[in-house]
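Chemist: Structure provided below as structure tokens; questions to follow.
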Amino acid sequence: LITSQIKNRNIKMKLAILAVLASTAAAFAPQAATTTSTALNAEIAGRREFFGAAAAAVVGVAAAAAPANAVIDYENIEYLGGSNIVDVNNANVRAYLKMPGMYPSAAGKIVSNGPYSSVSDIYKIKGLSEGEAAAFKKYETRFVAKTPSPDFVIDRINNGLYR
């Protein structure tokens, strides 16, 4: 009885190995070429006509695209710290580094209490010390109050630049 079970097991093992070999050989056997007809089959109309039609479609889509009406550059960019004049409504606190006596306390109060309708509004900041008011007065000609831009107001106190 045991020998017949061993023989059956050997036969099953041999059949399993034969099935694996047959499926592996079938995977590497050449397949019969099948031709299917599709709308993008370049052999029907010829390659030149196919690619000519595709290029015409691309040109048509590109010509029909509407231009983007995005603001490419902020018109008051020079007042954000790149010149001697600083916009009190949009400039970052670091723009005041070039003005001794302004950074960090006086500059922090300017950027924290805006927006301002005019430069003279900075003197109305609550808790302003005499020294800070004197620093404001010293650099008052270097300040301008432009319309606040949402692109820059969010980064006025901390723009993420660190030394």
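The values are calculated or read from the model by the stated rules, or taken from the named source; none is laboratory data. Just so you know, these numbers come straight off a predicted model, no measurement behind them. Note that we place each Cβ from the backbone using ideal geometry, even for glycine, and neighbour counts take in every protein chain shown.
Chemist: Could you please give the count of residues in the range 104-137 that are at pLDDT 90 or above, exposed (fewer than 14 other Cβ atoms within 10 Å of the Cβ) and under 19 Å from Asn84 (Cα atoms)?
Modeler: Of the residues in the range 104-137, 4 are at pLDDT 90 or above, exposed (fewer than 14 other Cβ atoms within 10 Å of the Cβ) and under 19 Å from Asn84 (Cα atoms).
Chemist: Of all residues being of a type in the set (D, E, K, R) and in contact with a strand residue (DSSP E or B) (Cβ under 9 Å, 6 or more places away or on another chain) in the range 138-163, which is surrounded by the most Cβ atoms within 10 Å (Cβ to Cβ)? Just the residue, please.
Modeler: Applying the filter and picking the extreme gives Lys146.
Chemist: If you check Lys109, Lys137, which single one turns out to be out of contact with any His (no Cβ under 9 Å at 6 or more places or on another chain), basic (Lys, Arg) and farther than 18 Å from Ile157 by Cα?
Modeler: Lys137
Chemist: Could you tell me which numbered condition Arg94 fails, if it satisfies all but one of (1) of a type outside the set (A, V, I, L, M, F, W, C); (2) farther than 20 Å from Ser83 by Cβ; (3) modelled with pLDDT under 90?
Modeler: Single failed check for Arg94: (2).
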